[in-house]
Each structure stands twice: as C-alpha cells, then as structure tokens.
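Remarks on the structure that follows.
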Amino acid sequence: VCRSWRGIAMDGSLWKAIDTTRFYKTIKDDQLRTLGTAASGFLRYANFRGCAQLSANSLCAIAEHCPNIERLNLMGCRSITSDAIADVCMNIPLLLHLDLGGLPSVNNHTLQTIAVYCRSIQTLNLAWCKQISGSGLTKLTRSCQELRKLNISGCSNLEDRWMPMIGMNLPKLRELCLNGCSSLTDRGLIGLLSGANAPTPQTAPEGLQTRLVYLGLSHCNLLTQEALRAISHHCSRQLRRLELSNCENFGDEGLVHLAQHCTRIRLLDLEEVTTLTDVSLRAFAMYLPKLERICLSYCENVTDQGVMRMLRPASNPTTLSTTTTMMMNTEAASQYCAKLVHVELDNCLLITDRLLLEFANVLEERKAAALERQKERERKRQELARRPIRPTIQVFDCRNITLAGVEAAQTRSPSLVIRSYYSWSHPSTSAPATSALFGGSGATEGMDGEGGDADDDDDDDGDVDGINNNSSQTSLHHLQLQQQHLQQQLQRRSRAANLLQRARLGLVGHAGGGGSREGCTIL
C-alpha cells in the first residue's frame, strides 16, 4: 500500500470505533497499538474481546492517547495485568461501559481503582473474576452509584454481611447477574434485595426492591423456596427476565407464588429444576400472560398437558387437581401465555408428537388472528380516510365578530364551518323557511304591515347608531337584513298577484262586450 493511502487510513477522525471481533486471533499487538494511538481523542468505542496477544504496555499506550473512550471491552485479554487496568481507569475518566470478564488479574484493588477514577460508570462486567469479594464490591458500589448493569457471575466470595450494603449502594441498578455464585444464601439474597441483614423479606423497606428488570440466579445451589418468596416480594413490579436453572431446591410451591406476584416476566429459565411439574406450568399460564420464552430442559416431570395449558386456555377448569385449585384462582383459568413463541424441552421424556402438532396449530391460529386484526385496522383506516372532515371554528360570545366577517370568511373558503350567532341567519338558509311560514293572501297583508314597520325601523336607525353598544347594533343590523329580504319577497308576490288580477279583468271585459253567454261560460 502506498504511503499516502496509509496516511489517510491512519487519520484519527476515521477511527471513532475499533472492533476486532472478526480479527481477534490474527491481529498483532503492535497493530492494535498503532490503531489505538492513531485514533487518539476521536476513539469512543474499543472492543478488544478475545485478543489474548494484547499486552499491558500496548493497553497503557492506547489509554494514554485515547482519553475519551466511553466503552471498553477487555474480556478474555489474559495478558493484561492489574496495574495496566489501573492505568486505564486513571487515564479514561469518561468510561461508562467496562468489560473485564474472565480476567484473573482483577482483584479488590482493581475495584478500588475503578471506584476512585470511574465514578460515572454504568455497566460493569466482572464475571468469573474469582479474586474479588464482598468487601471489594462494597467499596465499588459506595462510589459508583450510577451503575445500571452489574455482572458478578462466578464470584464465590460473597459473604452475607456485605450484601445489604451492596443493595443500598445501587439506587439505579436495573440488571444484576449472580449466576454461579455458589456461596450465595437465602439470607444474603434477602439482604441484597431488601437492604437489611434480616432472615425475612418483610423487615426492610429499602434496597434494590422493585427496580430490577433482570435477575440471574442460575447454579446458586444454596437458595431455597425462601429466595423465591423474597423475589416475589421485592421484584414484583419491574422484573422481566429471571434465570433459575440448576437450582435444585426450588419446587412448585415457590414457583406458583413467584408467578402470582411477578406477572410481567417475559423470559424464564428453569433448566434442570427437577422437582417442577405441570402444577407450575398451569400457574404460569394463569399469571404470566406476557411470557415469551421459557426453558424447561431436563424437567422430566413436564407433560404435554402442562405445556399445552400454557398455549391455550383451559377447556374445563374443574378437572384440575385439588392441590392446583387450592394454589390458584379458578377465575384465571381462561388465561394463557398468548405471546409464548419459544419453548425448550430438551430431555423431557414425557413429551410426545401431540405437543408438536398442537404448537403448530396454535401458531397458525395466531397468524390468522393477526391477519384479521390487520385487515380490521386497515378497514377502519380507510373509513377514516373517506370520511370528510370539514374545518370548523366556533366563535360564540365573541362581541367583535360581525355578520360581514362571517360571510366574508365563508365566501373565501366554502368548506369552512363557522359556528356563531350568525350561522343560522344567512339569507340563503332563511328563505325557504320564510316562504313556508308566510304563504297565502292573509300573510301578504301581514307582510305589508311588516314592511311599514321596517320603514319605521329605518327611521330609528340614527338613534340606534348613537348608542355605543356593539351587540345592540349587530342585532338591529341583523333584523334589518331579515326585513329587507321579506320585503323583496313581498314585492315579487305582489307583482305576480297584480298580473293575475289584470288577466282576469281582461277576460271578463271581453265576455261582457260580446253580449254572448259563452263568455260567461268561459269565465
């Protein structure tokens, strides 16, 4: 490659992100250092996951030249030392996401360095960093209270006495992963969730409580049914994803209680919970309507009927067993997991072909129902599009609005609907009503009197103009217009009556002059 092209390629403005996912095995240490130093202050995201060849010196050089990094992934970079991680934390104060998963060099001193220099960190992965303990996590959480995601899977040194303090120090935590924490007990979990070192979940009002959206407790073999009750009590409002695989002490009683309270769960992992039966599945069907994914692998007591109960509502709720009806409300028997799309049933020996066919039928029915709903929405949308929507303005009790202004606006835009005191008095709309009301000869005489009154009103118009009352002037003008319209109709009717009278007189005169009775007969 020519030098000019190489110079362009190493322009720092082109390297706002470095991701070595596709080349983590082949890229060399000096190349990583060259890229990092060339990016300098433009670099925001650096993913060196799996780059075991990345040395501590290269990482320190990158951190020194790139102080604006916000996301850094060092998972699997086993050549990095604890001092190099400390240099990274000191040189990158804007760090928000840090992944140190699987690094044997991470210890409590590393956590203390992060607590001092990276107080704004939001996501931290410390999975399988086996040298950290509860005391180091307490110091970390005391300073880094902006944490929203924390992964400490595989940490085997979580003493119960530190757990309440960790829970109180994380006011914004949303996701917590404790998978493989073999030392975690019911007392420690209750203290973490409630913020108090107490054996029961009812004694403390603070802690993580209702903020958690994700909680991972897989392979925590010391947890019992009390842990499930604590989760039900403290995480009932926001919990969406829950992992409980390989927890041998969990059973139907605790799982039913969990389903009754944590009704917003969408993902549930119960792999190798060997004591789980169809009783729990019926509870999931009744109380977890938003469940989308569930893992029941190696749950050997699960049958076709239990899984189908989650896919469809119960056809006959009275056939449930006595134990089930005691645990669950029969009114909820019509509910089911309408959004369930992923089920894992590996090594479930009681599952047969019947379930496969039933699942396929349910999916087709959902597809047809979704298509029908889409057609209904399209039909309503078309109806709304065809329905004329006329622009409307309402100006009742607006004293400065005049009839001339209303007529001018409607002349300018015929589609405009004006709701005012003048809308009903427009001559074009009042003419038919007037004709029907004042029809006949008797009405003509009354209208002649009305015409005389109109002249009197015209004479008094000067007196009305002397009064400074806009509403009175407007009403008088309105009456004048009505009377003028009536006078015009009267004149037309009187002209027609005169012509008819003249025609009749002409016919009578002709018959009398001839002296013949035929003229009278014609009349």
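Below are the figures for this structure:
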read-out: Residue-count net charge about A409 - beta-carbon cut-off 15 Å; Lys, Arg +1, Asp, Glu -1; value: +2
read-out: Cβ-derived FRET efficiency at R0 41 Å, Y45 paired with Q305, nearest 0.05; value: 0.25
read-out: Accessible surface of C398 - all protein chains present, 1.4 Å probe, nearest 10 Å²; value: 60 Å²
read-out: Overall dimensions of segment 94-247 by Cα: Rg and Dmax, Å; value: 14.1, 42
read-out: Paramagnetic reach from L94 in segment 39-55 [backbone N under 19 Å; point 7 Å along Cα→Cβ]; value: 39-48
read-out: Efficiency of FRET from Cβ geometry, R71 and R22, R₀ 22 Å, rounded to 0.05; value: 0.80
read-out: Using θ = phi - 60° and Karplus 6.51 cos²θ - 1.76 cosθ + 1.60, couplings along segment 163-179 (whole Hz; Gly, Pro as x); value: 5, x, 5, 4, x, 6, 7, 10, x, 10, 5, 10, 10, 9, 10, 10, 4
read-out: Percentage relative contact order, segment 38-102, counting C-alpha pairs under 8 Å, at least six apart; value: 39 percent
read-out: Residue-normalised accessible area of segment 112-158, expressed per residue, 1.4 Å probe, Å²; value: 38 Å²
read-out: Positive-pole candidate from G76, A38, S58, dipole of segment 20-84, charges at beta carbon; value: G76
read-out: Length released on extending from Q487 to A404, taking residue separation times 0.36 nm less the Cα-Cα span; value: 27.8 nm
read-out: Of K139/K290; K172/K339; K149/K290; K16/K139, pairs whose Cα-Cα distance is over 26 Å; value: K139/K290; K172/K339; K16/K139
read-out: Fraction of the pair-distance distribution of segment 81-130 above 17 Å, Cα-Cα pairs, percent; value: 23 percent
read-out: Peptides 268-276, 402-410 ordered by average Cβ neighbours within 10 Å, highest first; value: 268-276, 402-410
read-out: Cβ-placed point charges (K, R +1; D, E -1), dipole of segment 31-187 about Cα centre in debye, nearest 20; value: 220 debye
read-out: Cut-off 9 Å between beta-carbons: net charge of the residues surrounding M308, Lys and Arg +1, Asp and Glu -1; value: +1
read-out: Inter-label distance for L363 and Q335, nm, one decimal - labels placed 7 Å from Cα along Cα-to-Cβ; value: 2.6 nm
read-out: Accessible-area value, D83, 1.4 Å probe, nucleic acids and ligands omitted, Å²; value: 110 Å²
read-out: Segment 356-427 - accessible surface per residue (Å², probe 1.4 Å); value: 82 Å²
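The values are calculated or read from the model by the stated rules, or taken from the named source; none is laboratory data. If you're wondering where the values come from, they're calculated on a predicted model, not measured in any experiment. Note that each Cβ is placed from the backbone with ideal geometry, even for glycine, and that neighbours are counted across all protein chains shown. Surface accessibility is based on the protein's heavy atoms, side chains included, excluding ligands, DNA and RNA. Shrake-Rupley method; radii C 1.70, N 1.55, O 1.52, S 1.80 Å.
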